[in-house]
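These notes are about the structure you will find just below.
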Amino acid sequence: MIMESKRKKESPSSPESTQFPDEVLERVLAFLTSHKDRSSVSLVCKDWYNAERWSRTHVFIGNCYSVSPEILARRFPNIRSVTLKGKPRFSDFNLVPQNWGADIHAWLVAFADKYPFLEELRLKRMTVSDESLEYLAANFQNFKVLSLLSCDGFSTDGLAAIATHCKNLTELDIQENGVEDRSGSWLSCFPESFTSLEVLNFASMSAEVNFDALERLVSRCKSLKVLKVNKSISLEQLQKLLTRAPQLVELGTGSFSQELTTRQYAELESAFNNCKNIHTLSGLWEATALYLPVLYPACANLTFLNLSYTALQGGDLAKLLVHCPRLQRLWVLDTVEDKGLEAVGSYCPLLEELRVFPADPFDEEIIHGVTEEGFVAVSFGCRRLHYVLYFCRQMTNAAVATIVQNCPDFTHFRLCIMNPGQPDYLTNEPMDEAFGAVVKTCTKLQRLSVSGLLTDLTFEYIGKYAKNLETLSVAFAGNSGRGMECVLGGCPKLRKLEIRDCPFGDEALLSGLEKYESMRSLWMSACNVTMNGCRQLARKMPRLNVEVMKEDGSDDSQADKVYVYRTVAGPRRDAPPSVLTL
Amino acid sequence: MSPENVNCLPESDVKLTLGLPGGGPISAKPAKPPAAKAQVVGWPPVRSFRKNAMKSCKYVKVAVDGAPYLRKVDLEIYSSYQELLNALEEMFSCLTIWNYLNERKIMDNVNGMEYVPTYEDKDGDWMLVGDVPWKMFVESCKRLRLMKSSEAIGLAPRTPSKNSSTS
């Protein structure tokens, strides 16, 4: 009642402004989950804006510095679920200085005050300390979901606090973080009375956990659907876990190599046979061809297979894929080579997503991997392919043209020819026509990563044809700033632009003045941008934060790394000394 | 070229080559492999977690004289020399491997060149594959090289094969 009258005071509505009472509108809007839809709704009129903000329970913040916790809480009083992303993506590749920021703590303090009933927190590239995890565990009684992806700053002590105190936890998903893995004892902190877990992912952690504690946990959590264990779990232990949880829908195995007796092998095979609901499989560390057949009975309904940590040969992949006719997403290492990819084309007609990672990206000598032939083979067999991430050492314009002709529905095309500035290896020409073909043919393209030897022509093509492009990643490309200008002038839906090692200067940077306010962010590093150029940008566009990261020993006038983003929160106050806000 | 010829190769200057492969003519592909590049920070764009995860895999490089690209095998996934050689045959599909008189010889079907599987052990010596028990080989092998027969003379002498007939 108090809430209702409070609402009415805040939004004086005239009789004609809405056909529905606020409460009904809110109820209806509660069904809207897409944040894009909700944004649209909030723009209709003041009443709808208010109804939307009262009914919103989940908020997605793509850049944690674009808004402050206070502003967030003022607008949305009833949030139960928050997704926050922090550092620029290039921090994954060590291009962002340590202590850059994106610390969750200030947010948690604000949430403890405004959203004490917060249930879900999903963080990506944020800094999270043990102290923050302890604070979280202590202040949110209803807390259910914690997902940390590519975060850093915490240790297993923090996880122990979560396990100990979060009595209603349903999801604990710890992926690829810079975790200080002191010991596996955090897992033993879940009390014996705790049974609500549905998702547990600790695959990327290294310390050995207490297997008995894990087994008991899995046994008593009857709703467990997702279990991804780490390398310390052996095949024999895996078999025991599967026996306890045949209802699993997603499984991440531990180390898949162990000398098994015939009986153990049979038991393992039987355990997999009983898991009829598995649609996602990952882990498979050190998997040898010898034991992969135990998986076959569980592969019939498999839609996502992640073999990206398994150094598999092509022939062995082929034998496995024969059993996976429903596969939609496949991640592999390039050890499978073109032969393995031919098998993908042959056996997985429903494939929509393929990621091929390099097993040896940094080796001085040249290791084989996959070539344009493998990619072409997949495109002939998998016509529904729309997401690809492909690391290779050679590519041709003709191959890419064939690929997009076969698969015109690409939404995400991320091609990484690993040697910077490498041309079409058959014709020695730039790879301009390849990416030209991609943007001309794939009208639904949302994300593009380019590589190889590229001239300004590539960017002319992108600006002219990529009308749905939202994210563009560029490295070691272009002849002049004109390339960047074409993109900024031409791609109406561009949200994220990340550029490294390109000859783009101040003129190019400043050509996007108005554009940057409609984008989430711009990253430019090792380009030709100067401090003066950045200052000009900052001066002309007060609603953008223009941050420069200086490298030791570089010229004072050069802006080595520039990060520009729109914000309603003003310049940030937590930047380290190496980051200058202009 | 029949296998018997191998035992009758003319005595030539003993040449122990320890150099990296690639001494022979480059294979049919028109482009030369790019020169070894200086390490660029953050390139290729592979996440640290993945970088570190792959480092712990124990596998050895396999080079074939004359081929511009190397491959890698995880020796731990095989349990015998035969399995390893079968895998190599699959990997380098132009090669046929056969045993003759317990001596393993590898031949390139396309150009008729003969190769001998050799490996570099922990001490840096180049040895012929097959002389020591399998597990010992896995322990000590640092890299594999399919060396051209003509260059393999003079490698660590092998113990006489039990099945060798005359000669």
### Query
Which condition does A:SER234 not pass, out of (1) buried (at least 21 other Cβ atoms within 10 Å of the Cβ); (2) out of contact with any Asp or Glu (no Cβ under 9 Å at 6 or more places or on another chain); (3) among the small types (Gly, Ala, Ser), if it passes all the others?
(1)
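Condition first: within 14 Å of another protein chain (Cβ to nearest Cβ), over 18 Å from A:LEU351 (Cβ atoms) and surrounded by fewer than 22 Cβ atoms within 10 Å (Cβ to Cβ). Now tell me which residues in the range A:400-417 satisfy that.
As a first pass, look at the range A:400-417 and keep what is within 14 Å of another protein chain (Cβ to nearest Cβ): A:414-417.
Checking which are over 18 Å from A:LEU351 (Cβ atoms) leaves us with A:416-417.
Residues satisfying the conditions do not exist here.
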### Odd one out for A:LEU488, checked against (1) assigned to a loop (DSSP other than H, G, I, E, B); (2) crowded, with 18+ Cβ neighbours inside 10 Å; (3) out of contact with any strand residue (DSSP E or B) (no Cβ under 7 Å at 6 or more places or on another chain)
(1)
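Out of the range B:70-90, which residues are in a loop (DSSP other than H, G, I, E, B) and either facing another protein chain (nearest Cβ under 8 Å) or surrounded by 19 or more Cβ atoms within 10 Å (Cβ to Cβ) (or both)? Walk me through it before giving the result.
First, pick out the residues of the range B:70-90 that are in a loop (DSSP other than H, G, I, E, B): B:74, B:78-80.
Scanning the range B:70-90 gives B:ASP74, B:TYR78.
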### Summary
In the set A:ALA203, A:ALA213, A:ALA207, the lone residue that is crowded, with 22+ Cβ neighbours inside 10 Å and either touching a residue at least 60 places away in the same chain (Cβ under 8 Å) or within 22 Å of A:ASP181 (Cα to Cα) (or both) is A:ALA203
#### Entry: Members of the range A:303-319 that are more than 14 Å from chain B (Cβ to nearest Cβ) and either surrounded by fewer than 24 Cβ atoms within 10 Å (Cβ to Cβ) or at pLDDT below 95 (or both)
A:THR303, A:PHE304
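Only one of A:ASN468, A:ASN532 is touching an Asp or Glu at 6+ places or on another chain (Cβ under 9 Å) and touching a residue at least 24 places away in the same chain (Cβ under 8 Å); which?
Working: A:ASN468 fails: touching an Asp or Glu at 6+ places or on another chain (Cβ under 9 Å).
Of the residues listed, the single one that is touching an Asp or Glu at 6+ places or on another chain (Cβ under 9 Å) and touching a residue at least 24 places away in the same chain (Cβ under 8 Å) is A:ASN532.
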### Task
Give just the number: which of (1) within 14 Å of chain B (Cβ to nearest Cβ); (2) of a type in the set (Ser, Thr, Tyr); (3) surrounded by 18 or more Cβ atoms within 10 Å (Cβ to Cβ) does A:THR427 not satisfy?
(3)
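Can you find a residue that is more than 24 Å from A:THR243 (Cβ to Cβ), surrounded by fewer than 23 Cβ atoms within 10 Å (Cβ to Cβ) and either within 10 Å of chain B (Cβ to nearest Cβ) or touching a Ser or Thr at 6+ places or on another chain (Cβ under 6 Å) (or both) anywhere in the range A:287-299?
yes
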### Query
For the range A:327-378, what are the residues that are within 14 Å of chain B (Cβ to nearest Cβ) and among the charged types (D, E, K, R)?
A:ASP334, A:GLU337, A:ASP338, A:LYS339, A:GLU342, A:ARG355, A:ASP360, A:ASP363, A:GLU364, A:GLU365, A:GLU372, A:GLU373
### Query
What is the one condition in (1) surrounded by fewer than 21 Cβ atoms within 10 Å (Cβ to Cβ); (2) modelled with pLDDT under 95 that A:ASP506 does not satisfy?
(2)
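Could you grab me the full set of residues in the range A:163-204 that are part of a loop (DSSP other than H, G, I, E, B) and farther than 23 Å from A:PHE140 by Cβ?
Start the filter on the range A:163-204 by keeping residues that are part of a loop (DSSP other than H, G, I, E, B), which leaves A:166-170, A:176-177, A:181-183, A:190-198, A:202-204.
Listed by number, the residues that qualify are A:GLU176, A:ASP181, A:ARG182, A:SER183, A:ALA203, A:SER204.
So, in the range A:170-194, of the ones that are hydroxyl-bearing (Ser, Thr, Tyr) and surrounded by 15 or more Cβ atoms within 10 Å (Cβ to Cβ), which residue ends up farthest from A:ARG125 (Cα to Cα)? Even if it seems obvious, please write down each step before you answer.
Taking the range A:170-194 first, the residues hydroxyl-bearing (Ser, Thr, Tyr) are A:170, A:183, A:185, A:188, A:193.
Remaining after also requiring surrounded by 15 or more Cβ atoms within 10 Å (Cβ to Cβ): A:170, A:183, A:185, A:188.
Working: A:THR170: 22, A:SER183: 23, A:SER185: 25, A:SER188: 27 Å.
Filtering first and then ranking leaves A:SER188.
The values are calculated or read from the model by the stated rules, or taken from the named source; none is laboratory data. Everything numeric in this text was worked out from a predicted model, so none of it was measured. With ideal geometry, Cβ positions are generated from the backbone for all residues, glycine too; neighbour counts draw on all protein chains shown.
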